[in-house]
Amino acid sequence: PQDQTFTVGDLVERISHDGNAAAVGERIKLWTRSGLIAPIDAKFPGTGRHRRYEWPTIIDCAVLNALTDARVEVLARKDTLFALSLAHVIFEDLGKQENRGRQFYLALISFRGKPFSGQTCYRCDDVVEIKPCVESTIVVNLSQIFGRLRGKDLAAS
């Protein structure tokens with residue numbers, strides 16, 4: 001439900017896989033410190049309470065975790081935030097009835113050794129399109145990632 005909040009442990013439970021829970025927990029703390037994700041109670045850090053995150057943060061964590069697993073350096077920059085904004089749109093699109101059974105991907109490309117950026121991050125619907133000018137491409141199957149989230153009772157309303 002979109003009005004639910006989550007602790008780091010809740011986020012780890014929903015996005016970790018293959019026994020990587022400890023690493024995912026550390027990643028979430030790092031993403032919080034770097035400003036990629038923000039707890040709702042950030043005004044009072046260190047008060048002995050668990051930090052709580054709003055439900056859209058799960059989308060961010062799932063995508064950041066997939067990118068980290070793919071060895072993409074995720075930093076609090078415009079390019080990463082752009083990729084996350086695309087992921088949010090895709091998450092909403094996946095929840096629409098007319099998109100049942102479709103596949104959605106996030107493609108990150110690099111050319112001439114430059115990392116991905118807003119101009120080199122794009123979505124692919126059903127078919128992954130590899131641009132001819134690229135040297136490397138990382139494709140994240142958001143349908144699979146978000147399907148796992150939805151399978152853990154996180155369906156968008």
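Observations on the structure shown:
- By average C-beta atoms within 10 angstrom, highest first, the peptides 27-35, 120-128: 27-35, 120-128
- Two-site label geometry, Lys78 and Ile40: point separation in nm, points 7 Å out along Cα→Cβ: 3.1
- Label-to-label distance, Thr137 versus Arg150, with points set 7 angstrom from Cα along the beta-carbon direction: 2.4 nm.
- The length gained on full extension between Gln97 and Asp3, counted as 0.36 nm times the residue separation minus their Cα-Cα distance, comes to 31.6 nm.
- Karplus 3J(HN,Hα) series, Hz, for the stretch 99-110 with 6.51 cos²θ - 1.76 cosθ + 1.60 (x for Gly, Pro): 9, 4, x, 7, 10, 10, 10, 10, 10, 10, 10, 9
Since every read-out is calculated from the coordinates, none of them should be taken as a lab result. What you see is a predicted model; the values in this text were computed from it and never measured. Cβ: placed from backbone, ideal geometry, glycine included. Neighbour counts: every protein chain shown.
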